[in-house]
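The values are calculated or read from the model by the stated rules, or taken from the named source; none is laboratory data. As the structure is a computational prediction, the values presented were derived from the model and not from experiment. As a convention, Cβ positions derive from the backbone with ideal geometry for all residues, glycine included, and neighbour counts pool all protein chains shown.
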Amino acid sequence: MDTLRTNHGMQFYGGTPRIAPIVAPASPVKLLFVTSVRDVGGDDSNGRIIRTAEGDRYMEGTVERTIHATRSGGPLHGILEVAGIVTDDLERDMQRLGDVFPVRPAQGRPWIHPLDLQTPDGGLVASPAFTHSIPSGFRSLPHSDVAGRTEQKRDWEEQVLALADRLGANVIVSDHLMMRIAHMIDESHGWFGRVLNIHPAITKPDHPCRFPGKTPTRDAIAQAAQRETFTGATLHIVDAEIDHGPILADIAATPVFASDTPMDLRYRNYQQGKLPLFIDGMRHYVRNILPHIDSLDLSAPLPPFRHVPVSAAA
């Protein structure tokens, strides 16, 4: 049975069959974030005070919001915990940003969240035990070296999977990781359906405000110069194509104005789209989808995905 429900403009895809009611996990699902500081920090200014048309604002990121949501009383408490964070940046990435951010968290330097941010058990999120640097070195090879880039990228994905296994992570979430994930979701690993992406725009092909790819903010502002435009966010399962896999939840309620600067729109969309969609979307995924992931037909690229009959899933 496929279901679709809405909440403040959010849509949630992929329901649970009648024979399988909502399941609250016996212990919290463990999530491993994979992100790029050059993007969530350099482009989106996570962890910093930014200037917007409404005044100076603090730019909270997905990692920080999720940590808060897993604390006692939070919407993810008891069903999800963050097991760790992977950053993939190279030293040259930070140099191109003017050395604003270090490759690893460092006292006295900006980071993508406050350096004193603590996990629910009191550990420092910015500690080496929690935030892990696995540089994506394949990006430094020339594009003509297809074999070398492919081999090194496979090795990078293997390192992420090895860390996930060591940390006991059940789910991997890509947040502004600007690369195609392919190796870790192939059939040999059993991770397909457990690797997710949060994209700051709609990805449905038939949506009038669809902005996939690397420049969703710029594309939304460009469209707003021509007609009324809204943007939002999509939480989806990662498949072999970028911004393409089965959708778990989405929202398109953030207004876009032709006069917006990129930072104006990013801040507005984080508040109205990306952050609330991620938290509520993960609640939906952990409670309604993940317990049945092995009996779901995820072959179709678009929602709603189908439940495999009990006899076929047995």
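Out of ILE172, ILE221, one residue alone is in contact with a strand residue (DSSP E or B) (Cβ under 8 Å, 6 or more places away or on another chain), assigned to a helix (DSSP H, G or I) and of a type in the set (Val, Ile, Thr). It is ILE221.
Residues are listed down the side, and each one gets a yes or a no for (1) among the hydrophobic types (A, V, I, L, M, F, W, C); (2) within 27 Å of ASP297 (Cα to Cα):
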position	(1), (2)
LEU163	yes, no
GLY213	no, yes
ASP219	no, no
GLN223	no, no
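Scanning segment 242-264 for residues that are surrounded by fewer than 20 Cβ atoms within 10 Å (Cβ to Cβ) and part of a strand (DSSP E or B) yields ALA253, PRO255. Counting only strands (runs of 3 or more DSSP E) that sit wholly inside segment 35-133, those with at least 2 residues that are touching a residue at least 40 places away in the same chain (Cβ under 8 Å) and touching a helix residue (DSSP H, G or I) at 6+ places or on another chain (Cβ under 6 Å) are 49-52, 80-87.
Which residue out of ILE67, ILE112 is in contact with a strand residue (DSSP E or B) (Cβ under 7 Å, 6 or more places away or on another chain) and crowded, with 16+ Cβ neighbours inside 10 Å?
Working: ILE112 fails: in contact with a strand residue (DSSP E or B) (Cβ under 7 Å, 6 or more places away or on another chain).
Among ILE67, ILE112, only ILE67 is in contact with a strand residue (DSSP E or B) (Cβ under 7 Å, 6 or more places away or on another chain) and crowded, with 16+ Cβ neighbours inside 10 Å.
Here GLY78 clears all of (1) out of contact with any His (no Cβ under 9 Å at 6 or more places or on another chain); (2) surrounded by fewer than 20 Cβ atoms within 10 Å (Cβ to Cβ); (3) over 22 Å from ARG194 (Cβ atoms); (4) not charged (D, E, K, R) except the condition numbered (3). All of (1) charged (D, E, K, R); (2) at pLDDT 95 or above; (3) under 19 Å from LEU177 (Cα atoms) hold for LYS214 with one exception: (2). Here ILE237 passes the criteria (1) over 18 Å from HIS132 (Cα atoms); (2) over 19 Å from the mean Cα position of the chain (by Cα); (3) not acidic (Asp, Glu) except the one numbered (2). Candidates in segment 179-200 are the residues that are more than 12 Å from HIS244 (Cα to Cα), in a loop (DSSP other than H, G, I, E, B) and in contact (Cβ under 8 Å) with a residue 12 or more places away in the chain; of these, the one that is nearest to the chain's Cα centre (by Cα) is PRO200.
Of the residues making up segment 84-102, those that are surrounded by fewer than 20 Cβ atoms within 10 Å (Cβ to Cβ) and touching a Ser or Thr at 6+ places or on another chain (Cβ under 6 Å) number 0. Scanning segment 106-152 for residues that are within 20 Å of the chain's Cα centre (by Cα) and either at pLDDT below 95 or of a type in the set (A, V, I, L, M, F, W, C) (or both) turns up TRP111, ILE112, LEU117, VAL125, ALA126, PHE130, ILE134. Identify, by number, the condition in (1) over 16 Å from ALA83 (Cα atoms); (2) surrounded by fewer than 16 Cβ atoms within 10 Å (Cβ to Cβ) that PRO128 doesn't meet. With (1) over 16 Å from ALA83 (Cα atoms); (2) surrounded by fewer than 16 Cβ atoms within 10 Å (Cβ to Cβ) applied to PRO128, the lone miss is (1). Residue-level check: of (1) part of a helix (DSSP H, G or I); (2) among the polar types (S, T, N, Q); (3) crowded, with 21+ Cβ neighbours inside 10 Å, GLN271 misses just (3).
Of the residues THR150, THR119, the single one that is farther than 21 Å from ARG65 by Cα and either small (Gly, Ala, Ser) or out of contact with any Pro (no Cβ under 8 Å at 6 or more places or on another chain) (or both) is THR150. Quick check on my filter: what residues within segment 188-213 are under 16 Å from ASP44 (Cβ atoms) and either of a type in the set (Phe, Trp, Tyr) or in contact with a helix residue (DSSP H, G or I) (Cβ under 9 Å, 6 or more places away or on another chain) (or both)? Across segment 188-213, the qualifying residues are ILE198, HIS199, PRO200, ALA201, PHE211, GLY213. When the residues of segment 217-242 are filtered to those that are closer than 26 Å to ILE293 by Cβ and among the charged types (D, E, K, R), the one that is modelled with the lowest pLDDT is GLU241.
Name the residues in segment 141-150 that are assigned to a helix (DSSP H, G or I) and surrounded by 13 or more Cβ atoms within 10 Å (Cβ to Cβ), would you? Walk me through how you get there before you give the answer.
First pass over segment 141-150, keeping only residues assigned to a helix (DSSP H, G or I): 146-150.
Passing the criteria: ARG149, THR150.
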